[in-house]
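Visitor: Quick one: the structure is below, and I'll ask about it shortly.
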Amino acid sequence: MSDVRSAITDAVNFYGSATPLELISQFGSPLYVYNENVLRACCRDLLGLSSHPGFRVNYSAKANTNPALLKIIREEGCVVDAMSPGELYMERLAGFTPDQILYVCNNVSPDELKNAVDAGLLVSVDSLAQLELMGRVNPGGRVMIRLNPGIGAGHHQKVITAGKKTKFGISLDALPDVRAILEAHNLRLTGLNQHIGSLFMDPQGYLDAMDVLLHMATEIKASGLTPELEAIDFGGGFGIPYHKYENQPRLDLKTLGEGIHSRISRWSAENGYHGRFFVEPGRYVVAECGVLLGTVYATKSNGEHRFAGTDLGFNTLVRPVMYDSFHDIEIYRGAGAPVSETVVQNIVGNICESGDIMAHDRELPLIQEGDIIGVLDAGAYGFVMSSSYNQRLRPAEVLISADGTPRLIRRRETFEDLSAALM
Ligand code: LLP
């Protein structure tokens, strides 16, 4: 047991054979910690959504590209998407092969398209201009197009990725132009994809969006545009419960799985389709296997407002500042015991900005100097969105292996790393 407030990580023995305090003293603070068993369980949840032979879980690696995690995700049987040469590089390091990688990009250079084509990948383009560029880069080749179904959804305006107001996708009324570009360059349209947004907790919106894409696929197929269709990708957005201490319900995977399975089974039977169907979750795969640990160095009260000052600046995890996102908090004291009495507190970082708040007005056991703070569900869009703002070094990453032993999977940044670009 890790003590003052630790029920969520205790329940899965998150830290294995170590305690959070031992991890901090061995690897330093702040620190990203991942748990292999939790990661594998999340992969298996998703792989169990459908037994259809064409069904694939396409992990959207933008959520976390640490190669040690990617390797586990590959071992579990997921495939992966890439949206930049850097992500592709990390995925190859982790052993993914070209048939296991979809390149889903937007607004990229001819060199980047060529890099993906040369790697043997199916590439999704998301505008007529990029389709035209693809035709020039790879005449006669395969291409996937990202459709904009006209409806978007998401936990914040900044993560809604469909609908007229967003930069993503090609709308159905542009299909005559798509046809003209395909013909001009002998391109073969072999894939269709969409992604409507991030963090849905109700399966129905995703299933409705699947219906829209399958309807578009039927029309596109009937129009003769896709004689060799091999990939239909419904996108990601699968939400996780961030409000763990309030017992927020989980996404209903049973309903979602039944809905996915019946839709893809029916569509492939009706259309004689033997290709692949992808779902593309990022967050669901990695969020819950990650906790960000930090140390409390100062506590203070400004009038009625209490602050716990930590090394958890928004350079380490930007989600609360960028999207007002909520992450649950645990408190570890080593020699302490569970505490039930709570007070309202703010957990703030060490960045020179007043908006540097990790957790706002939270009812928590009174935080003391020397406590270790655990920011839960930090495995997705955590380290990958961290920065060296204020020239603070990006944290190290540690994996708690299946047998409970900790292993360093990325060293902490160094001053040499900060100055590397100057040389
Ligand atoms: N596929 C595409 C084409 C995407 O653009 C994304 C995410 C995903 C799949 C995976 O979405 P997920 O299952 O993780 O929701 N930084 C934000 C999330 C931005 C998501 C961008 N695209 C956050 O921290 O909430």
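Visitor: Within the range 287-328, which residues are in a loop (DSSP other than H, G, I, E, B) and within 12 Å of the ligand (Cβ to nearest atom)?
Guide: 317, 318, 324, 325, 326, 327, listed by residue number.
Visitor: Being of a type in the set (Val, Ile, Thr), part of a loop (DSSP other than H, G, I, E, B) and over 29 Å from the mean Cα position of the chain (by Cα) is the requirement here; does residue 339 meet it?
Guide: Yes.
Visitor: So, residue 308, is that one open to solvent by less than 20 Å² (accessible area, probe 1.4 Å) and either of a type in the set (A, V, I, L, M) or touching a Cys at 6+ places or on another chain (Cβ under 8 Å) (or both) or not?
Guide: Yes.
Visitor: Further, regarding this structure: Go through (1) at pLDDT 95 or above; (2) part of a loop (DSSP other than H, G, I, E, B) for residue 331 and report which single condition fails.
Guide: Condition (2) is where residue 331 drops out.
Visitor: If you don't mind, there's one more thing I want to ask. Hey, any hits in the range 293-305 for a residue that's in contact (Cβ under 8 Å) with a residue 24 or more places away in the chain and of a type in the set (D, E, K, R)?
Guide: Checking the range 293-305: not a single residue is in contact (Cβ under 8 Å) with a residue 24 or more places away in the chain and of a type in the set (D, E, K, R).
Visitor: Within the range 85-104, how many residues are more than 16 Å from the ligand (Cβ to nearest atom) and among the small types (Gly, Ala, Ser)?
Guide: Here the count works out to 2.
Visitor: For the range 193-222, which positions are within 16 Å of the ligand (Cβ to nearest atom) and touching a Lys or Arg at 6+ places or on another chain (Cβ under 8 Å)?
Guide: Across the range 193-222, the qualifying residues are 193, 194, 195, 198, 199, 207, 210.
Visitor: Now for a different question. Filter the range 237-249 down to the residues that are more than 17 Å from the chain's Cα centre (by Cα) and part of a loop (DSSP other than H, G, I, E, B), then identify the one that is farthest from the ligand (Cβ to nearest atom).
Guide: That would be 247.
Visitor: Among the candidates 60, 25, single out the residue that is of a type in the set (Gly, Ala, Ser), closer than 30 Å to residue 351 by Cβ and open to solvent by 30 Å² or more (accessible area, probe 1.4 Å).
Guide: 25
Visitor: Restrict the check to the range 60-67 and report whether at least one residue is over 30 Å from residue 295 (Cα atoms) and either touching a residue at least 60 places away in the same chain (Cβ under 8 Å) or out of contact with any Cys (no Cβ under 6 Å at 6 or more places or on another chain) (or both).
Guide: For the range 60-67, residues over 30 Å from residue 295 (Cα atoms) and either touching a residue at least 60 places away in the same chain (Cβ under 8 Å) or out of contact with any Cys (no Cβ under 6 Å at 6 or more places or on another chain) (or both): present.
Visitor: Here is a follow-up. For residues that are closer than 14 Å to residue 290 by Cα, not in a strand (DSSP E or B) and not charged (D, E, K, R), tally how many sit in the range 352-384.
Guide: Of the residues in that region, 8 qualify.
Visitor: Mind checking which helices (runs of 4 or more DSSP H) fall wholly inside the range 1-84 and carry at least 1 residues that are within 15 Å of the ligand (Cβ to nearest atom)?
Guide: Correct list: 36-47, 67-76.
Visitor: Continuing with this model, one more query. Could you tell me whether any residue of the range 258-281 is open to solvent by 50 Å² or more (accessible area, probe 1.4 Å), within 16 Å of the ligand (Cβ to nearest atom) and not in a loop (DSSP other than H, G, I, E, B)?
Guide: Yes, because at least one residue in the range 258-281 is open to solvent by 50 Å² or more (accessible area, probe 1.4 Å), within 16 Å of the ligand (Cβ to nearest atom) and not in a loop (DSSP other than H, G, I, E, B).
The values are calculated or read from the model by the stated rules, or taken from the named source; none is laboratory data. Remember, it's a predicted structure, so these values are computed and weren't measured experimentally. Note that each Cβ is placed from the backbone with ideal geometry, even for glycine, and that neighbours are counted across all protein chains shown. SASA here: full protein model, heavy atoms, side chains in, ligands and nucleic acids out. Shrake-Rupley method; radii C 1.70, N 1.55, O 1.52, S 1.80 Å.
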